[in-house]
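Let me begin by presenting the structure, written as structure tokens, before commenting on it.
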Amino acid sequence: MQNDHTKGFVRQRGQYVDWIITNNNDFFIGHGHAFLSGHSDTIKNAGTAIIKEGKIVSIVNGSGHYLPRTEYLDIAITHFKEINIMANDYRLFKWKPKIK
């Protein structure tokens, strides 16, 4: 799903990967939010990142399967910085799902 906050994200080039944060604060990176979570009904957050030369250059808390909360995006960024995969000049996009 794309909205005004993520239009610039989807136009970027690089390798797209998904990530999730479980309720136990475990992080998983790969492809497919539901697959990464073991098809769990609930997780803390999910998103997508663009990686170039081994570093995350853009990150968004978007997921078509979950309704990720923006306040947990900082937790993911901190984690990725701790494991040294965030680029110094990364771009941040915040996805706000439209709830019907």
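Read-outs throughout are calculated quantities, based only on the coordinates presented, and are distinct from any laboratory measurement. Everything numeric in this text was worked out from a predicted model, so none of it was measured. Cβ sites come from the backbone with ideal geometry, for glycine too, and all protein chains shown count toward neighbours.
Mind listing which trypsin sites (Lys or Arg not before Pro) in region 45-98 are in a DSSP loop and have 12 or fewer other Cβ atoms within 10 Å?
In loop regions of region 45-98 (DSSP not H, G, I, E or B), the sparsely surrounded trypsin sites (Lys or Arg not before Pro) are Lys98.
Distance in nm between label sites at Thr78 and Val17, each 7 Å beyond Cα in the beta-carbon direction?
Modelled inter-label distance: 2.1 nm.
Using alpha carbons only, how many angstrom separate the centre of region 20-48 from the centre of region 52-98?
Between the Cα centre of region 20-48 and that of region 52-98, the gap is 13 Å.
Could you give the length gained by full extension between Leu92 and Phe27, i.e. 0.36 nm per residue of separation minus their alpha carbon distance, to one decimal place?
21.6 nm
Whole-Hz ³J(HN,Hα) for each residue in region 15-28, computed from phi via Karplus 6.51 cos²θ - 1.76 cosθ + 1.60 with θ = phi - 60°, x for glycine and proline: what do you get?
8, 8, 9, 9, 9, 9, 10, 7, 5, 8, 6, 7, 10, 9
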